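*Asks:* Sharing a structure below in structure tokens format, with a few things to ask.
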Amino acid sequence: MTILKITYREWKRIISLPVFYWLLLILPPLLFFFYAFIYEKEKVSDLPIAIWDENNSTISRQLTYMLEQTECIKITHQIKNISELEKLIKKGEVMGAVHFPINMDANLMSNIPVTVTLYTNASALIPAKLIYKNAAQVIIMGGSGVMLEKFVKEGMNYNKAMALVQPIVLHTYPLYNPEYNYLHYLVPGLITVVLQMLIIMVGVLIFNYEYKTNTVDELITTSNRSSINIIAGKTLAHLTVAWVNFILVAGIIFPIFGLNYQGVMFNFFILFTFLVLACIGVGFLISLIFKDVMMSTDIALFYTSPAFVFSGYTFPRWAMPWYDNFYAYIMPYSSFLDGFIKVFNMKLPLKYALPEIGILLIFIVVSFSASYLLLKRLIKKSIMSA
């Protein structure tokens, strides 16, 4: 069968041409393990902070102890002024500090408002937010505890005192990643965005590299001068290689790092296949429009490099300017990511990702149809010049 001949021919090119086997067979596993090992610890913990205690009371010491018991905070320094804090932050020895003011205990007992100051190095945005989250929880809880103890000692009923101290009780239930686990959150996204980039980078070389290796006429002859045979054969070859990488990710990487979510891999596979086909189609199209290898690879890099930033994985797309939103939606990865979050992170049935699959299908139909027309014209010119 002609399509299988083209497929077999493309497999041989993938294995024999360095630009192909490096991008499709060698780099993917190296990058997968590299990204997974970055977040091996899963969660940020033991962030160093300093304590600036001008109160030096039982209350301030108790709050200091409570801060030390939190998962994210580790008290490493005692300081006496803001200058010491600035020096420690500049040296990278602490990420922030908590300041307990003079007369804090006396003011609390006298119902005078007390200001406890939290300093954070906000240039490290995520650690600063984690320190704030843990410190704020401790300070609020500690302050409420002091007032509760005071009211009870004055003879107030415990339940009434609790209602006065904490009139509204808030319970939070983080869903889908309750432990704020970086490994579970970032690694799957990083791996899939790398795969998109590599597949498109190889895709833009699929046809113009035939010119570079002077094998265009051979390809046309092997295909019986059929653009459908060429597209189908090459697509099947690159799709199967992508499936090999999927098996590597789902069967090896994810289980090793505890990411083998039960019941979601089949849906993930379906969504991944649509992403791969969309990327192959985009690569075909660029490769047929720009026959110069350097030009096509530059365009592919420009097109794929900002995929992770524009995808909405770390910053919501709705908060971006309209032109950035537009750029995000002309990349297959953005739609794939929306569906991926539903079927992988949220473990929803595949039907919830049908809108995203529909958008990926539009990418596939448009890119493959345009590639077919361009390739058909290329074959016609080749026949006429023969």
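Nothing in this text is a laboratory measurement; each read-out follows from the coordinates by a stated rule. Since this is a predicted model, take the numbers as computed values, not measurements. Note that each Cβ is placed from the backbone with ideal geometry, even for glycine, and that neighbours are counted across all protein chains shown.
*Asks:* How large is the charge dipole for the chain, taken about the Cα centre, if only the Cβ atoms of Lys, Arg (+1) and Asp, Glu (-1) carry charge, to the nearest 20 debye? If you can, show how the numbers build up before the last one.
*Replies:* Numbers: 29 positive and 23 negative charges, 267 e Å.
Dipole about the Cα centre, nearest 20: 1280 debye.
*Asks:* Of 291/376; 291/381; 5/291, which sit over 20 Å apart, Cα to Cα?
*Replies:* Exceeds cut-off: 5/291.
*Asks:* Ignoring trypsin sites (Lys or Arg not before Pro) that are buried or in helix or strand per DSSP, and keeping those with at most 12 other beta carbon atoms within 10 Å, what is the longest stretch of the chain between them? Write out the running numbers ahead of the final one.
*Replies:* Numbers: sites that count: 41, 80.
So the longest stretch without any such site is 81-386.
*Asks:* Once you place label points 7 Å from the Cα toward the Cβ at residue 385 and residue 107, how far apart are they in nm?
*Replies:* 8.2 nm
*Asks:* Okay, next question. So, in Å, what gap is there between the alpha-carbon centers of segment 141-176 and segment 302-318?
*Replies:* The two parts, judged by their Cα centres, are 43 Å apart.
*Asks:* May I pose another question? Could you tell me how many degrees, from 0 to 90 and to the nearest 10, lie between the Cα long axis of helix 125-153 and the main elongation axis, the longest principal axis, of the Cα atoms of the chain?
*Replies:* Computed tilt is about 30 degrees.
*Asks:* Under 29 Å from the Cα of residue 160, which lysines turn up, not counting those fewer than eight places away in the same chain?
*Replies:* Qualifying lysines at Cα under 29 Å: 133, 150.
*Asks:* With each label point set 7 Å from Cα along the Cα-Cβ vector, what nm distance links residue 372 and residue 16?
*Replies:* Computed distance between label sites residue 372 and residue 16 equals 3.0 nm.
*Asks:* Using only the Cα atoms of segment 202-262, what semi-axes does the equivalent ellipsoid have when each is the square root of 5 times a gyration tensor eigenvalue? Give whole Å, largest first.
*Replies:* Working: eigenvalues 245, 30, 9 Å².
One finds semi-axes of 35, 12, 7 Å for segment 202-262.
*Asks:* Ok, one more. Taking segment 47-165, how much of its Cα-Cα pair set, in percent, is spaced more than 24 angstrom apart?
*Replies:* Numbers: 2072 of 7021 pairs.
In whole percent, the long-distance tail amounts to 30.
*Asks:* I need the calculated FRET efficiency for the pair residue 347 and residue 5, taking r as the beta carbon distance and R₀ as 45 Å, to the nearest 0.05. Could you put the intermediate results ahead of the total?
*Replies:* Working: r = 42 Å, r/R0 = 0.93.
Approximately 0.60, to the nearest 0.05.
*Asks:* In a Gaussian network model over the chain where Cα atoms closer than 10 Å are linked, find which of 60, 305, 223 has the largest mean-square fluctuation.
*Replies:* The residue with the greatest mean-square fluctuation here is 60.
*Asks:* Further question: Using Cα atoms only, what is the angle between the long axis of helix 182-203 and the major principal axis of the chain, expressed in degrees (0 to 90) to the nearest 10?
*Replies:* Tilt of helix 182-203: around 20 degrees.
*Asks:* Please rank 158, 352, fewest neighbouring Cβ atoms within 10 Å first, as an exposure proxy. Please report the intermediate quantities before stating the final value.
*Replies:* On the way: 158 10, 352 13.
Arranged by neighbour count, lowest to highest, 158, 352 become 158, 352.
*Asks:* Same structure, new question: With respect to the cross-link table entries 87/129; 41/87; 43/80, which display a Cα-Cα separation exceeding 23 Å?
*Replies:* Details: 87/129 21 Å; 41/87 29 Å; 43/80 31 Å.
Listed pairs above 23 Å: 41/87; 43/80.
*Asks:* Using the C-alpha atoms of the chain, what convex hull volume per residue, in cubic angstrom, is computed? All intermediate terms of the calculation are to be shown ahead of the outcome.
*Replies:* Numbers: hull volume 69.0 nm³, N = 386.
It is 179 Å³ per residue.
*Asks:* Tell me the angle of helix 58-69 to the major Cα principal axis of the chain, expressed in degrees between 0 and 90 and rounded to the nearest ten.
*Replies:* For 58-69 against the chain, the angle is about 20 degrees.
*Asks:* Given charges of +1 on the Cβ of Lys and Arg and -1 on the Cβ of Asp and Glu, with all other atoms neutral, how large is the dipole of segment 47-165 about its Cα centre, in debye to the nearest 20?
*Replies:* 180 debye
*Asks:* List the relative contact order of segment 47-165 as a percent without decimals, with contacts defined as Cα pairs under 8 Å and 6+ residues apart. Please report the intermediate quantities before stating the final value.
*Replies:* Working: 154 pairs, mean separation 32.4, N = 119.
It rounds to 27 percent for segment 47-165.
*Asks:* Neighbouring Cβ atoms within 10 Å as the yardstick, rank 222, 192 fewest first.
*Replies:* Numbers: 222 18, 192 25.
Listing 222, 192 from fewest to most nearby Cβ atoms yields 222, 192.
*Asks:* Now for a different question. Would you calculate the separation in nanometres between label points at residue 90 and residue 132, each defined as 7 Å from the Cα along the Cα-to-beta-carbon direction?
*Replies:* Output for this residue pair reads 2.5 nm.
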